[in-house]
1. Considering every residue within the range 146-154, establish whether at least one is in contact with a Pro (Cβ under 8 Å, 6 or more places away or on another chain), assigned by TED's automatic domain parsing to the domain that holds Arg102 and either closer than 30 Å to Glu42 by Cα or crowded, with 19+ Cβ neighbours inside 10 Å (or both).
2. Can we say Thr151 is touching a residue at least 12 places away in the same chain (Cβ under 8 Å) and not charged (D, E, K, R)?
3. Tell me, which residue of the range 55-64 that is of a type in the set (A, V, I, L, M, F, W, C) and modelled with pLDDT of 90 or more is surrounded by the most Cβ atoms within 10 Å (Cβ to Cβ)?
4. Which residue pairs have Cβ atoms closer than 9 Å, lie 6 or more positions apart in sequence or on different chains, and pair a first residue in the range 128-145 that is over 13 Å from Ala108 (Cα atoms) with a second residue that is among the acidic types (Asp, Glu) and surrounded by fewer than 19 Cβ atoms within 10 Å (Cβ to Cβ)?
5. Hey, any hits in the range 101-114 for a residue that's within 24 Å of Ser160 (Cα to Cα), surrounded by fewer than 24 Cβ atoms within 10 Å (Cβ to Cβ) and touching a strand residue (DSSP E or B) at 6+ places or on another chain (Cβ under 9 Å)?
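The values are calculated or read from the model by the stated rules, or taken from the named source; none is laboratory data. Since the model is a prediction, treat every value here as computed from it, not as a measurement. Neighbour counts are summed over all protein chains in view; Cβ atoms, including those assigned to glycine, are modelled from backbone coordinates with ideal geometry.
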Amino acid sequence: MTVSPAPVEGIVTAAGTAAAPPGCPVLAAPPETGLYLHWDGEALALCRATPPRLRLVLDPAATSLGRRGRQASAGNEHIARACGLRGGGTPRIIDATAGAGRDAGLLAGLGAQVTMVERSPIVAALLSDALRRAGTAPATAPVAARLALVTGEAAAYLDSHTADIVYLDPMYDAGRRKALAGKEMQLLQALLGPDTDADALLDAARGAATQRVVVKRHRHAPPLAGRRPHHSLTGRSTRFDVYLPTG
């Protein structure tokens with residue numbers, strides 16, 4: 001199953017020309033309702049016109065500079081331990097459900113080489129702009145250099161690519177998901193909705209991974225596709241289920 005075209009009215013450009021997704025119309029002014037993109041000459045943002053008005057600029061590389069990123073290590077982060085970064089490992093990781101890119105940014109900040117796969121052209125445009133900005137800033141350029149972006153369906157990409165780790169973080173019920181900040185959650189949920197075909201990705205991921213597949217879940221959520229993991233790492237609100245590859 002593929003996602004429907006993103007419900008974005010268009011893009012408002014206040015300065016110059018933005019790298020808008022193909023087919024995204026240029027608007028003279030923000031719409032009265034719905035979602036739209038805004039380019040101010042510095043960053044591409046996803047905005048909501050109706051109250052409460054929200055504006056989202058993605059910046060995955062900056063995750064390593066925030067409080068969590070500064071305190072993160074391969075030993076104290078469940079995601080890093082699940083992905084095999086403990087002990088100085090620097091695996092190649094495919095983040096097949098990139099979304100806001102925050103987990104990818106954290107993993108890259110800890111030394112992993114991460115390829116983000118995002119099927120929404122709107123979210124991919126936001127991530128592409130984020131990598132452009134991060135690559136020009138001395139503080140984030142080293143992390144940005146370890147992040148790559150692919151726009152397309154994850155299942156198709158996994159059919160023709162391999163990595164040490166395949167990471168899955170499917171969007172699920174907003175009432176039970178707290179992994180993203182509030183405004184990110186609201187806007188991304190409005191834009192994307194739930195990943196109704198996430199279960200089908202597990203087999204593709206296990207075929208592409210050479211070491212393991214890591215699936216991020218709410219602590220009390222059932223395992224993806226009802227498949228019992230090989231083992232899990234559980235935090236206060238999040239669980240990382242680890243599956244062995246089938247290849």
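1. yes
2. When the stated conditions are applied, Thr151 passes them.
3. First pass over the range 55-64, keeping only residues of a type in the set (A, V, I, L, M, F, W, C): 56-58, 61-62.
Those still in the list that are modelled with pLDDT of 90 or more too: 56-58.
Working: Leu56: 21, Val57: 16, Leu58: 27.
For the range 55-64, the residue satisfying everything is Leu58.
4. Every condition considered, the pairs that remain are Arg133/Glu42.
5. yes
Every residue, every condition in (1) closer than 20 Å to Thr140 by Cβ; (2) modelled with pLDDT under 85; (3) of a type in the set (Asp, Glu); (4) assigned by TED's automatic domain parsing to the domain that holds Glu153, yes or no:
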position	(1), (2), (3), (4)
Thr2	no, yes, no, no
Thr17	no, yes, no, no
Pro25	no, no, no, no
Leu37	no, no, no, no
Glu42	yes, no, yes, no
Cys47	no, no, no, no
Gly66	yes, yes, no, yes
Gly75	no, yes, no, yes
Cys83	no, no, no, yes
